[in-house]
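**Q** Below: one structure in C-alpha coordinates.
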Amino acid sequence: QVQLVESGGGLVQPGGSLRLSCAASGNIFSIDAMAWYRQAPGKQRELVAVITSGGNTNYADSVKGRFTISRDNAKNTVYLQMNSLKPEDTAVYYCNTEAKEIIYWGQGTQVTVSS
(Lines give C-alpha, C1' and ligand atoms only; values in the text may rest on other atoms or scores of the structure.)
Protein backbone atom coordinates (compact mmCIF):
# COMPACT_ATOMS: atom_id res chain seq x y z
CA GLN A 1 0.00 0.00 0.00
CA VAL A 2 1.05 3.55 -0.79
CA GLN A 3 -0.46 6.69 0.70
CA LEU A 4 -0.23 10.05 -1.05
CA VAL A 5 -1.01 13.34 0.70
CA GLU A 6 -1.09 16.60 -1.26
CA SER A 7 -0.78 20.12 0.10
CA GLY A 8 -0.18 23.64 -1.13
CA GLY A 9 -3.31 24.51 -3.06
CA GLY A 10 -5.20 27.74 -2.66
CA LEU A 11 -6.47 30.92 -4.29
CA VAL A 12 -4.05 32.95 -6.38
CA GLN A 13 -4.38 35.84 -8.82
CA PRO A 14 -3.60 35.40 -12.53
CA GLY A 15 0.14 35.57 -13.07
CA GLY A 16 0.84 34.32 -9.57
CA SER A 17 2.62 31.20 -8.35
CA LEU A 18 1.91 28.20 -6.14
CA ARG A 19 3.90 25.15 -5.16
CA LEU A 20 2.13 21.85 -4.56
CA SER A 21 3.65 19.05 -2.53
CA CYS A 22 2.82 15.35 -2.43
CA ALA A 23 4.26 13.20 0.33
CA ALA A 24 4.34 9.45 -0.21
CA SER A 25 4.38 6.87 2.54
CA GLY A 26 3.95 3.14 2.88
CA ASN A 27 5.52 0.74 0.39
CA ILE A 28 7.47 3.49 -1.34
CA PHE A 29 10.31 1.26 -2.48
CA SER A 30 8.17 -0.04 -5.32
CA ILE A 31 7.45 3.44 -6.67
CA ASP A 32 9.07 4.63 -9.90
CA ALA A 33 7.28 7.46 -11.67
CA MET A 34 5.13 10.03 -9.89
CA ALA A 35 2.76 12.40 -11.57
CA TRP A 36 0.37 15.29 -11.15
CA TYR A 37 -3.05 15.27 -12.76
CA ARG A 38 -5.81 17.86 -12.61
CA GLN A 39 -9.54 17.91 -13.10
CA ALA A 40 -11.53 21.03 -13.79
CA PRO A 41 -15.32 21.15 -13.28
CA GLY A 42 -17.11 19.34 -16.08
CA LYS A 43 -13.87 18.10 -17.63
CA GLN A 44 -11.95 14.84 -17.64
CA ARG A 45 -8.92 14.36 -15.45
CA GLU A 46 -5.76 15.17 -17.41
CA LEU A 47 -2.06 14.55 -16.96
CA VAL A 48 -0.13 17.69 -16.04
CA ALA A 49 3.40 16.42 -15.46
CA VAL A 50 5.30 13.24 -14.67
CA ILE A 51 8.75 12.51 -13.25
CA THR A 52 10.59 9.20 -13.09
CA SER A 53 12.80 8.06 -10.23
CA GLY A 54 15.76 9.03 -12.41
CA GLY A 55 14.48 12.56 -12.82
CA ASN A 56 13.18 12.40 -16.39
CA THR A 57 10.18 14.68 -16.85
CA ASN A 58 7.32 15.22 -19.24
CA TYR A 59 4.67 17.94 -19.34
CA ALA A 60 1.32 18.66 -20.89
CA ASP A 61 1.68 21.21 -23.68
CA SER A 62 -0.60 23.62 -21.81
CA VAL A 63 1.84 23.95 -18.88
CA LYS A 64 5.24 23.69 -20.58
CA GLY A 65 7.48 26.57 -19.61
CA ARG A 66 5.26 27.51 -16.66
CA PHE A 67 5.18 24.42 -14.43
CA THR A 68 8.10 22.42 -13.05
CA ILE A 69 7.86 18.99 -11.48
CA SER A 70 10.59 17.80 -9.14
CA ARG A 71 11.09 15.18 -6.48
CA ASP A 72 13.10 14.69 -3.33
CA ASN A 73 13.65 10.95 -3.04
CA ALA A 74 15.08 11.32 0.47
CA LYS A 75 11.80 12.90 1.61
CA ASN A 76 9.61 10.74 -0.64
CA THR A 77 8.01 13.94 -1.89
CA VAL A 78 7.15 15.26 -5.33
CA TYR A 79 6.56 18.94 -6.02
CA LEU A 80 4.81 20.96 -8.68
CA GLN A 81 5.98 24.55 -8.99
CA MET A 82 3.36 26.50 -10.90
CA ASN A 83 4.24 29.93 -12.25
CA SER A 84 2.38 32.40 -14.47
CA LEU A 85 -0.89 30.83 -13.44
CA LYS A 86 -3.94 31.36 -15.63
CA PRO A 87 -7.66 31.08 -14.83
CA GLU A 88 -7.76 27.95 -16.98
CA ASP A 89 -5.35 26.28 -14.54
CA THR A 90 -8.18 26.24 -11.99
CA ALA A 91 -8.80 22.62 -11.01
CA VAL A 92 -8.38 20.00 -8.34
CA TYR A 93 -4.82 18.72 -8.58
CA TYR A 94 -4.11 15.08 -7.77
CA CYS A 95 -0.88 13.28 -7.06
CA ASN A 96 -0.55 9.88 -8.71
CA THR A 97 1.78 6.92 -8.71
CA GLU A 98 1.83 3.23 -9.50
CA ALA A 99 3.37 0.46 -7.42
CA LYS A 100 3.23 -3.24 -8.29
CA GLU A 101 0.59 -2.56 -10.96
CA ILE A 102 -1.70 -0.76 -8.49
CA ILE A 103 -2.53 2.89 -9.19
CA TYR A 104 -2.70 5.25 -6.23
CA TRP A 105 -4.22 8.73 -5.97
CA GLY A 106 -4.04 11.43 -3.37
CA GLN A 107 -7.15 13.17 -2.07
CA GLY A 108 -6.59 16.21 -4.26
CA THR A 109 -5.92 19.86 -3.56
CA GLN A 110 -7.91 22.76 -5.00
CA VAL A 111 -6.13 25.41 -7.05
CA THR A 112 -8.19 28.47 -7.97
CA VAL A 113 -6.78 31.20 -10.20
CA SER A 114 -8.98 34.27 -10.08
CA SER A 115 -8.81 38.00 -9.61
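**Q** Every residue in the stretch 46-55 that is among the polar types (S, T, N, Q) and at pLDDT 95 or above, please.
**A** Of everything in the stretch 46-55, nothing turns out to be among the polar types (S, T, N, Q) and at pLDDT 95 or above.
**Q** Of everything in the stretch 86-113, what is open to solvent by less than 30 Å² (accessible area, probe 1.4 Å), of a type in the set (A, V, I, L, M) and over 12 Å from residue 10 (Cα atoms)? Give them in sequence order.
**A** 99, the sole residue that qualifies.
**Q** Out of everything in the stretch 44-76 that is in contact with a Lys or Arg (Cβ under 7 Å, 6 or more places away or on another chain) and open to solvent by less than 70 Å² (accessible area, probe 1.4 Å), what residue ends up being nearest to residue 16 (Cα to Cα)?
**A** Only one residue tops the list, namely 48.
**Q** If residue 23 satisfies all but one of (1) under 12 Å from residue 79 (Cα atoms); (2) part of a loop (DSSP other than H, G, I, E, B), what's the number of the condition it fails?
**A** Looking at each condition in turn, residue 23 falls short on (2).
**Q** Just need a number here: residues in the stretch 1-41 that are hydrophobic (A, V, I, L, M, F, W, C) and open to solvent by 50 Å² or more (accessible area, probe 1.4 Å).
**A** 3
The values are calculated or read from the model by the stated rules, or taken from the named source; none is laboratory data. No experiment lies behind these values; they were computed from the predicted model shown. Don't worry about glycine lacking a Cβ; one is built from the backbone with ideal geometry, like all the others, and counts go over all protein chains shown. Ligands, DNA and RNA are stripped out before the accessible areas are found, and what is left, the full protein with its side chains, is counted by its heavy atoms. Shrake-Rupley method; radii C 1.70, N 1.55, O 1.52, S 1.80 Å.
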